[in-house]
Amino acid sequence: MQLQPFVALSTYFATPVHSLAHLNAVDIAVIAIYFGVVIFIGFYLKGSANTSEEFFMAGREMTAWIAGLSFVSANLGSLELMGWAGSAYQYGILATHWYWIGAIPAMLFLGIIMMPFYYISKVNSVPGYLHLRYGDGARALSAVSFAFMTVLMSGINMYSMALVMKVVLGWNLNFSIWVSSITVALYVGLGGLRSAIYNEVLQFLLIWLGALLVPILGLIDAGGWTNLKAQIGARLGSEYVHMWSTTGHFSQNPMGIHWTGLVFGLALVISCGYWTTDFLVVQRVLAAKNLRSAKMAPIIGAAFKMAVPFIVILPGLIALVVLPYHLVGETQAVATGQHSYNEVLPLMLVRYCGPGLLGLGVTALIAGFMSGMAGNVSAFSTVWTYDIYGAFLNKKATDQHYVAMGRWCTFIGVLISVGTAYLVQHAASIMDYVQGLFSFFIAPLFGTVILGMLWKRTTKAGGFWGLLAGTCTAIGLFLWVHFDPSALRYVALSPDAKTLAEDMYRALWSWLVCVIVTVTVSYATKPKPLSELEGLVYGVVPLPVEQDDHWYQKPIVWAGTIAVLFVILNIIFW
Amino acid sequence: MREEISIWFFGGVLFLIYGVIICLEGLWELSHPLVNPPVLNHLHAPIWWGAMMGVAGLTYTVKFWPKKSRH
């Protein structure tokens, strides 16, 4: 089936040399329709983004479902899709930990415990909460580190997607980067957070639609789950298909991790830090229309997050058995011309999807990239405008001025991300790099926020010095191991630990340092009067009571259901 | 007065268009077999996957068809 008007575009998209697959006119049509729809949404919503509340917070009108899907979609960037599929190929089912224990408890904790404080304080951002609780010092430190991390992440996401599109489809690297970036800049710049959220919901549906066929057909190809497990076990060892039973020692599993690192480093610190304090995801929930929706949104997100391994981890596992060649690390792939781990998802798409479905699968990958980038850019724009520009540089501007600044920031954020994408071209391992970044800023920030919310005695000086000490500890530990690899035995508790395990322990130590310094300095300084802590700290004023008609409408009931399901899944794949 | 378009309507329309395109492509392949077919091509995934998408898309398009509301 050919659609002639798209043929010329098709030849521009793909160069036949060195590409693994060739998109035909139907595929190009599928991709083009997607771009048309997302840009249309941006223009359609332009009229709904006139005030700062509308542009940055989507008017706080989102339902629990829309906020929840957007919450999980903003996280589902191209790194999340392709990087973790590659990790599943490299490390086996252990990669699922980053979707289950590394996400679900933290998302439920955000919904049930933390959301009331974020929501009733009516802050516009996480640094905004720090401003109310700790003053300008902690806000500035958090806002600057977040802005830096956000554009860096956005650039890394962009580069990883463009690289895979180049290797698998033969697309020009610059073409992929610029076309996707301009589209994101256009729809976020025009429609603000509402446009980003609407598109994220659409992108979430597309990601599922485009990627779901791969595990379905892959399981048929591999002879079912039992057969797949048996084949992986026979070829590589049973440690590739067990999540917990091999984590008793660092050397017993391919990831070089220990269960203490998973539970305390990943679940308690990195995951809680990311899902409860990273404004990229929290911003989506703050846009909810009422407290109940704000509490339900992360719970709905958790349910979908728990299902994501089916379209990300499972294809990586199936590839171990069905692909006729072996994938290698990024550095080796560049040197030898082989395919890298990060390309496993597109390679599986090419294996099972013909014309039309291949276009849909590629659209899913592009949608993943765009949702991640839009999340980063809209959060960057908000934090810059509210917490850096509006807080320190121009405090008395009009609302219209801040909206204009937000629009400009969106375009500038995209441009910086594009620059970052070109800068990170030489990063050896994309995913490891990102995990390292998380532990620098997110882990100590979680210590600061959680102490501020749960402990009345925490002081302004305690919050600032704790955050600074924790961040410096994370960077210091990273540099220590970087210049003296033997220090790994101290930082990660074992010389057998690998990079991901090191990240978990580094996060744990930096969080502990943050908590200890915050508590110590708080006891040595004068606390805020209780009247200034209303709506910010647990136990100061009673939280609003929810008026649910039935017991099954209560967020706690749904959180409990998800928690039980989470435990059952971990036991099944133990 | 302003037309309010739900996000679910956008999703429905997109699914419907994709479903029709992919299903038609699958049907076309029945009479014009691919030179380099993908693995498991005999399952004709584009036909049933496209049809399912089309039905889901049509359902959402009809259910969330824009209605006029007063502001």
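Quick notes on this one:
- Restricting A:37, A:72 to those that are on the phi < 0 side of the Ramachandran plot, of a type in the set (A, V, I, L, M, F, W, C) and within 12 Å of another protein chain (Cβ to nearest Cβ) reduces the list to A:37.
- Candidate set from segment A:24-34 (those that are touching a Gly at 6+ places or on another chain (Cβ under 6 Å) and either of a type in the set (S, T, N, Q) or facing another protein chain (nearest Cβ under 7 Å) (or both)); member that is nearest to residue A:354 (Cα to Cα): A:26
- Looking only at segment A:242-260, and only at residues there that are assigned to a helix (DSSP H, G or I) and modelled with pLDDT of 90 or more, the one that is surrounded by the most Cβ atoms within 10 Å (Cβ to Cβ): A:259
- Members of segment A:46-59 that are assigned to a helix (DSSP H, G or I) and more than 12 Å from chain B (Cβ to nearest Cβ): A:46, A:52, A:53, A:54, A:55, A:56, A:57, A:59
- Residues located in segment B:4-35, provided they are more than 9 Å from chain A (Cβ to nearest Cβ) and surrounded by fewer than 21 Cβ atoms within 10 Å (Cβ to Cβ): B:4, B:6, B:9, B:16, B:20, B:30, B:31, B:33, B:35
- Scanning segment A:170-180 for residues that are within 15 Å of residue A:417 (Cβ to Cβ) and either at pLDDT 90 or above or of a type in the set (Phe, Trp, Tyr) (or both) yields one hit, A:178.
- Some residue of segment A:192-201 being free of Cβ contacts under 8 Å to residues at least 40 places away in the same chain and in a helix (DSSP H, G or I): no
- Hey, residue A:478 of a type in the set (Phe, Trp, Tyr) and closer than 17 Å to residue A:127 by Cα or not: no
- Criterion: within 14 Å of chain B (Cβ to nearest Cβ) and at pLDDT below 85 - qualifying residue of A:6, A:43, A:13: A:6
- Selection count where residues are under 30 Å from residue B:44 (Cα atoms), more than 20 Å from the chain's Cα centre (by Cα) and of a type in the set (Gly, Ala, Ser), scope segment A:183-222: 2
- Restricting segment B:38-71 to residues that are at pLDDT 90 or above and part of a loop (DSSP other than H, G, I, E, B), the residue that is surrounded by the fewest Cβ atoms within 10 Å (Cβ to Cβ) is B:65.
- Residues that are at positive phi and more than 7 Å from every other protein chain (Cβ to nearest Cβ) within segment B:36-51 comprise just one, B:44.
- Residue match in segment A:429-440 (condition: in a helix (DSSP H, G or I), in contact with a Pro (Cβ under 9 Å, 6 or more places away or on another chain) and at pLDDT below 90): no
- Qualifying positions in segment A:546-574 - among the hydrophobic types (A, V, I, L, M, F, W, C) and without any contact (Cβ under 8 Å) to a residue 60 or more places away in the chain: A:551, A:557, A:564, A:567, A:568, A:571, A:572
- Residue pairs whose Cβ atoms lie under 9 Å apart, sitting 6 or more positions apart in sequence or on different chains, and linking a residue in segment A:204-216 that is within 15 Å of residue B:38 (Cβ to Cβ) to a partner that is in a helix (DSSP H, G or I) and of a type in the set (S, T, N, Q), are A:210/A:363.
- Residue within segment B:55-68 that is aliphatic (A, V, I, L, M), within 21 Å of residue A:205 (Cβ to Cβ) and at the interface with chain A (Cβ under 10 Å from one of its Cβ atoms) present: yes
- Neighbours by Cβ (under 7 Å, 6+ apart or cross-chain): first from segment A:491-502, free of Cβ contacts under 8 Å to residues at least 12 places away in the same chain; second of a type outside the set (Lys, Arg) and surrounded by 20 or more Cβ atoms within 10 Å (Cβ to Cβ): A:495/A:488
Residue by residue, here is whether (1) acidic (Asp, Glu); (2) surrounded by fewer than 20 Cβ atoms within 10 Å (Cβ to Cβ); (3) modelled with pLDDT under 90; (4) assigned to a loop (DSSP other than H, G, I, E, B) holds:
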| position | (1), (2), (3), (4) |
| --- | --- |
| A:382 | no, no, no, no |
| A:395 | no, yes, yes, yes |
| A:406 | no, no, no, no |
| A:412 | no, yes, no, no |
| A:420 | no, yes, yes, no |
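- Among residues of segment A:148-168 being surrounded by fewer than 23 Cβ atoms within 10 Å (Cβ to Cβ) and within 23 Å of residue A:338 (Cα to Cα), the one that is modelled with the highest pLDDT is A:166.
The values are calculated or read from the model by the stated rules, or taken from the named source; none is laboratory data. The model shown is predicted, which means the values in this text are computed figures rather than measured ones. Heads up, the Cβs are rebuilt from the backbone with ideal geometry, glycines too, and the neighbour counts pull from every protein chain shown.
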